[in-house]
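A.B. asks: Mind looking over this structure? Questions follow.
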Amino acid sequence: MRRLVGLAVLLTLLAEGCGSSSSKPSVPTVTLALDFTPNAVHAPLFAAVDAGRDRARAVRLELRQPGSGPDALKLVGSGKAQLGVLDIHDLAIARAQGADLVAVAALVQRPLAALAARPEVRRPRDLEGRTVGVSGLPSDPAFLKAIVERDGGDVSKVRQVTIGFSAVTRILSGRVDAAPVFWNAEGVALRRRGVRTREFRVDDYGAPPYPEVVLVTSGETLARERPALRRALLAIGDGIEAVRRDPQAAARIVARAAEAQDTGLVRAQLDAVLPLFGLALDFRHLEAWAAFDARIGIVAKRPDVAKAFVALGKDPG
């Protein structure tokens with residue numbers, strides 16, 4: 001009987017030994033919430049997942065598309081996503097409202113905001129007495145004011161109407177004379193439709209070279225999952241390199257994710273933003289951005305850059 005018991009124990013130990021030798025360390029999952037429907041700005045993220053570049057960095061990157069509206073802020077703040085894509089001005093507004101959010105890397109290294117105007121508007125101050133469509137976001141009136149006043153105009157003489165996110169169709173129809181847009185997205189779409197516009201980019205009218213799009217996490221997640229976040233950023237850096245090597249393949253991946261029929265538009269928008277991809281945070285530029293956002297009224301108080309940004313990213317070689 002003791003022989004049988006001894007044999008059973010031996011078999012158990014052998015089974016446990018075999019199991020432990022064949023098991024592999026678990027790969028952490030980092031959920032990344034997109035800020036909007038998949039578009040060219042997100043190309044490095046999709047490229048990081050494509051062909052297992054994230055797994056090569058010992059992490060599983062899971063991209064979460066927004067539902068009925070952008071919800072990256074909510075998902076990251078609640079811990080349901082470890083990373084989120086966010087406009088840098090939305091980060092400033094969220095932190096001013098008490099959100100525990102920290103940017104750990106950039107994604108797009110330069111401002112993307114611009115005013116797209118009908119061709120008869122030769123310069124921003126010509127918008128006095130004309131109609132400008134704004135989305136309803138607090139940043140739109142602030143940018144309109146910054147650009148018009150930088151050109152010597154009086155923004156109080158500009159008629160502002162809320163049009164939601166229909167800048168392209170409203171400019172096409174002539175119902176507004178101008179609208180705030182992202183020059184890499186709506187600006188490209190207007191040109192591809194053959195619409196003649198003038199483009200007044202915010203960095204040509206006093207804005208510093210801040211990173212428009214950043215990757216954010218919560219302070220709690222940063223403290224708890226820093227190594228996994230770092231691996232995720234390394235994978236995204238690999239994604240940037242992949243997009244640079246083969247932008248056409250990246251455009252196809254994004255178009256498929258967005259269920260977009262016009263891959264050519266996605267490629268054109270990707271070509272526009274491609275030179276601006278990079279993860280590094282330049283704290284001199286961020287300090288200038290903080291002063292700029294407070295000056296134009298996006299936030300009432302200058303953001304604390306040292307608390308709002310922690311550099312985990314690294315530019316790909």
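The values are calculated or read from the model by the stated rules, or taken from the named source; none is laboratory data. Values in this document were obtained by computation on a predicted structure and should not be read as measured data. Cβ coordinates were reconstructed from backbone atoms using ideal geometry, including for glycine residues, and neighbour counts include every protein chain displayed.
A.B. asks: In segment 283-303, how many residues are part of a loop (DSSP other than H, G, I, E, B) and without any contact (Cβ under 8 Å) to a residue 40 or more places away in the chain?
C.D. replies: 1
A.B. asks: Something else now. I'd like to check something: does segment 174-194 contain any residue that is within 16 Å of V121 (Cβ to Cβ), of a type in the set (S, T, N, Q) and either part of a helix (DSSP H, G or I) or in the same structural domain as V134 (by TED's automatic domain parsing) (or both)?
C.D. replies: no
A.B. asks: In the set G17, G52, which member is exposed (fewer than 13 other Cβ atoms within 10 Å of the Cβ) and modelled with pLDDT of 90 or more?
C.D. replies: Details: G17 fails: modelled with pLDDT of 90 or more.
Answer to the selection: G52.
A.B. asks: Of all the residues that make up segment 97-138, how many are out of contact with any helix residue (DSSP H, G or I) (no Cβ under 8 Å at 6 or more places or on another chain), more than 26 Å from V310 (Cα to Cα), modelled with pLDDT of 95 or more and not charged (D, E, K, R)?
C.D. replies: Summing the residues that are out of contact with any helix residue (DSSP H, G or I) (no Cβ under 8 Å at 6 or more places or on another chain), more than 26 Å from V310 (Cα to Cα), modelled with pLDDT of 95 or more and not charged (D, E, K, R) in segment 97-138 gives 1.
A.B. asks: Looking at segment 138-148, which of its residues are under 21 Å from L172 (Cβ atoms) and either of a type in the set (S, T, Y) or surrounded by fewer than 16 Cβ atoms within 10 Å (Cβ to Cβ) (or both)?
C.D. replies: Selection gives nothing.
Matching residues to (1) surrounded by fewer than 19 Cβ atoms within 10 Å (Cβ to Cβ); (2) touching a helix residue (DSSP H, G or I) at 6+ places or on another chain (Cβ under 6 Å); (3) over 13 Å from A43 (Cβ atoms):
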{"site": "L233", "(1), (2), (3)": "no, no, yes"}
{"site": "G239", "(1), (2), (3)": "no, yes, no"}
{"site": "P247", "(1), (2), (3)": "yes, yes, no"}
{"site": "F283", "(1), (2), (3)": "yes, no, yes"}
{"site": "W289", "(1), (2), (3)": "no, no, yes"}
{"site": "K301", "(1), (2), (3)": "yes, no, yes"}
{"site": "D304", "(1), (2), (3)": "yes, no, yes"}
{"site": "V310", "(1), (2), (3)": "yes, no, yes"}
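A.B. asks: Which members of segment 55-87 meet the condition of being crowded, with 16+ Cβ neighbours inside 10 Å and among the polar types (S, T, N, Q)?
C.D. replies: Q82
A.B. asks: Next up: In segment 208-228, is there at least one residue being over 30 Å from K80 (Cβ atoms), part of a loop (DSSP other than H, G, I, E, B), at pLDDT 95 or above and out of contact with any Ser or Thr (no Cβ under 6 Å at 6 or more places or on another chain)?
C.D. replies: Yes, the conditions are met somewhere in segment 208-228.
A.B. asks: Same structure again: Quick one: how many residues across segment 76-96 are over 18 Å from F46 (Cβ atoms) and either of a type outside the set (D, E, K, R) or modelled with pLDDT under 90 (or both)?
C.D. replies: The total comes to 11.
A.B. asks: Taking segment 94-137 on its own, how many of its residues are assigned to a strand (DSSP E or B) and either buried (at least 19 other Cβ atoms within 10 Å of the Cβ) or not assigned by TED's automatic domain parsing to the domain that holds P180 (or both)?
C.D. replies: Residues meeting the conditions: 16.
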